[in-house]
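No value in this document is a laboratory result; all are computed from the given coordinates. None of these values were measured; they are calculated from a predicted model. All Cβ positions, even for glycine, are placed from backbone atoms using ideal geometry, and neighbour counts span all protein chains on display.
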Amino acid sequence: MAAVHYDSYTEARAHLKDLLDAAESGRVATVRRDSMTTAVVEVERLRHFLASIVPSNAQVVPEAGGWSVFIPGLPVAADGASFDEAIGEMVVALREYADDWQQRLLNAPNHRENWGLVQLISLSDDNRLREWLVGSPR
């Protein structure tokens with residue numbers, strides 16, 4: 001089966017199974033609504049792709065008997081008594097940032113380009129976010 005495209009929401013709804021089957025198998029699956037075309041992508045494929053192109057660049061430094069974690073260019077940081085605790089707190093801070101982005105920051109000029117990061121955070125469980133932060137599976 002080739003790429004799947006529907007020129008309207010109504011047409012896509014009538015062929016929802018075909019649309020989802022195409023997306024799940026990795027084929028191009030799109031729907032046009034008015035002047036916009038939207039892609040339908042299986043979550044794990046998108047998460048894996050985003051993790052490969054959005055480096056965390058997390059900096060973890062010992063500080064005052066504990067550890068601090070920050071990502072340059074993001075207003076997100078965390079501290080912990082141990083390395084693992086600091087990483088765990090950073091996961092929480094990233095989730096809070098993603099929530100704030102969804103609610104009010106998505107159109108802010110200095111945050112709008114973080115779309116991929118927010119998608120990655122939202123599509124990842126805590127273990128996957130830890131792996132992404134430290135750069136290796138745990």
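Helical runs (DSSP H, four residues minimum) scored at -39500 (n - 2.57) apiece and divided by the length of the chain put the mean residue ellipticity at 222 nm at -13500 deg cm²/dmol.
Here the range 103-125 and the range 31-45 have alpha carbon centers that stand 18 Å from each other.
Ranked highest first by the average count of other Cβ atoms within 10 Å around their residues, in what order do 82-94, 64-76, 19-31, 98-110 fall?
Numbers: 82-94: 18.2, 64-76: 14.9, 19-31: 16.5, 98-110: 12.7.
In descending order of packing, they fall as 82-94, 19-31, 64-76, 98-110.
Subtracting the Cα-Cα distance of Phe83 and Gln59 from 0.36 nm times their residue separation leaves 7.5 nm of extension gain.
Please work out the ratio of the alpha-carbon Rg of the chain to 2.2 N^0.38 Å and round it to two decimals.
Details: Rg = 18.5 Å, N = 138, 2.2 N^0.38 = 14.3 Å.
Ratio of Cα Rg to 2.2 N^0.38 Å: 1.29.
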